[in-house]
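Structure, as structure tokens:
The values are calculated or read from the model by the stated rules, or taken from the named source; none is laboratory data. Just so you know, these numbers come straight off a predicted model, no measurement behind them. Cβ sites come from the backbone with ideal geometry, for glycine too, and all protein chains shown count toward neighbours. Accessible surface is based on the protein model in full, side chains and every heavy atom, while ligands, DNA and RNA are left aside. Shrake-Rupley method; radii C 1.70, N 1.55, O 1.52, S 1.80 Å.
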Amino acid sequence: MAKILITGGSGFIGSNFIRYWGEKYPNDALTNLDRLTYASQGSAALKKSKVRFVKGDICDKKLVEKLMKGMETVVHFAAETHVDRSIQDSQIFLKTNVLGTQTLLEAARKNNVSKFIFISTDEVYGSIDKGTFSEYSPLRPNSPYAASKASGDLLCRSYWVTYKFPVIVTRCCNNYGPAQFPEKVIPLFISNLMEDKKVPLYGKGANVREWIHVDDHASAVEQVLAKGEPGEIYNIGTGEELNNRELTKKIIAALGKDESWIEPVQDRPGHDLRYALDSSKLRALGWKPKTNFDEGLRQTVEWYKNNVSWWKKIKQKGAYKSYIKKQYAGRSK
Ligand code: TYD
């Protein structure tokens, strides 16, 4: 029985990872440390999981030190993740993504944790017009969010080099799937269309993202836990690239609507044109994704159709409505 501390296990990627892990390794003892922020809505994905839940902040040194005792493995998902929110106000991003990561690293090191996985992001590399980023590409983050993740990511490197603390960093492409918070493009667009609202496409819709189903991200982390080398970095990518206009058309078609539902809006400042990863290093460990994008999108749309009350409850909250207003009001082109 392995003792695993998951941070951010009530968020989108963390909750899907807990569900995935619980189904495959039901005898492992999982602890989920989550602050229950606005984005901790993953209970829908967590429905049947047996997991010890601790409400708390990864910046809380005392709590983190207490929880770390006897832990063998840490998988650190907890983060502020939404680029547009980091453009509105970046302070909480620095606190959680940098100081929170440092607090966890320090407590884990002191308690001789034998594996620490930091869930980073492809956004640390910045944008690439052609070709792909490898794990050796320079970090050139362009949003406050990406800069905060890059800082946490580099801190992990320093713990390996300085203390030989066995940390592994993963940098994954854009995730989608069940129970993703409806501020991210796919669930925002699916739910808007279901409510007969238009979908706000930034700029020309020419920006390209590489997409992975959240369960394939979970299996990649599983593979890294099993076979990854301490001190190493692994890109997690599918090669499934789409520009935002193509993506929007697929979502619209899946909901049986037409392109008149697209509302072009002003672009995001500093909007990265393209993310694309070379994930051959991880594939050499024996991992490959299972779900192709069209099938994954079909399943995801089904999930949002079957869980209307989950996302409606979120969208009705005052804090969500004021975020959306601040983000989109007056930006139509
Ligand atoms: P997002 O889901 O915010 O992920 P990220 O910025 O981390 O890649 O956005 C994905 C892409 O969709 C990105 O290029 C921005 C674009 N986008 C829109 O066009 N409209 C929107 O309302 C949102 C939220 C994103």
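Listed values, structure above:
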quantity	calculated
Cα coordinate range in the range 1-319, projected on the principal axes (Å, largest first)	57, 41, 38
Candidates per GluC sites (Glu not before Pro) in the range 1-90, loop by DSSP, up to 16 other Cβ within 10 Å	E72
Theoretical FRET efficiency, 1/(1+(r/R0)^6), r = Cβ-Cβ of S158 and K288, R0 35 Å, to 0.05	0.65
Lys, Arg +1 and Asp, Glu -1 on Cβ, resulting dipole of the chain about Cα centre, debye, nearest 20	920
Trypsin sites (Lys or Arg not before Pro) within the range 81-188, DSSP loop, no more than 14 other Cβ atoms inside 10 Å	K130, K164
With 5 Å bins from 0: P(r) over the range 1-94, alpha-carbon pairs, percent	3, 14, 24, 24, 17, 11, 5, 2, 0
Estimated inter-spin distance, N243 and H271, nm [label 7 Å along Cα→Cβ]	1.2
Amide proton proximity set for L201, modelled H, under 5 Å, gap of 5+	E263, V265
Listed residues D129, D267, D153 arranged by accessible area, highest first, probe 1.4 Å	D129, D267, D153
Fully extended contour minus Cα-Cα distance, from K204 to K313, at 0.36 nm per residue	36.1 nm
Residues with amide H under 5 Å from that of Y234, placed H, sequence gap 5 or more	V169, T170, R171
Rounded percent of accessible protein surface that carbon and sulfur make up, the chain, 1.4 Å probe	51
Within a Gaussian network of the chain (alpha carbon springs, distance under 10 Å), most fluctuating of Q316, Q180, Q91	Q316
Label-to-label distance, nm, for residues given as A2 and K61 (7 Å Cα→Cβ offset)	3.0
Reach of K257 by Cα under 16 Å, taken over lysines that are not fewer than 8 positions away in the same chain	K197, K198, K249, K305
Across K61/K315; K3/K62; K24/K110; K66/K95, pairs whose alpha-carbon gap is larger than 27 Å	K61/K315; K24/K110
Computed [θ] at 222 nm, deg cm²/dmol, the chain (DSSP H ≥ 4; -39,500 (n - 2.57); rounded to nearest 500)	-12000 deg cm²/dmol
Percent antiparallel among DSSP beta bridges (both partners in the range 1-319, rounded to 5)	10
Per residue, in Å², the accessible surface of the range 1-319 once ligands and nucleic acids are set aside, probe 1.4 Å	43
With DNA, RNA and ligands ignored, accessible area of V185 (1.4 Å probe; Å², nearest 10)	50
GNM top mover of R19, R35, R268 - the chain, alpha-carbon springs below 10 Å	R268
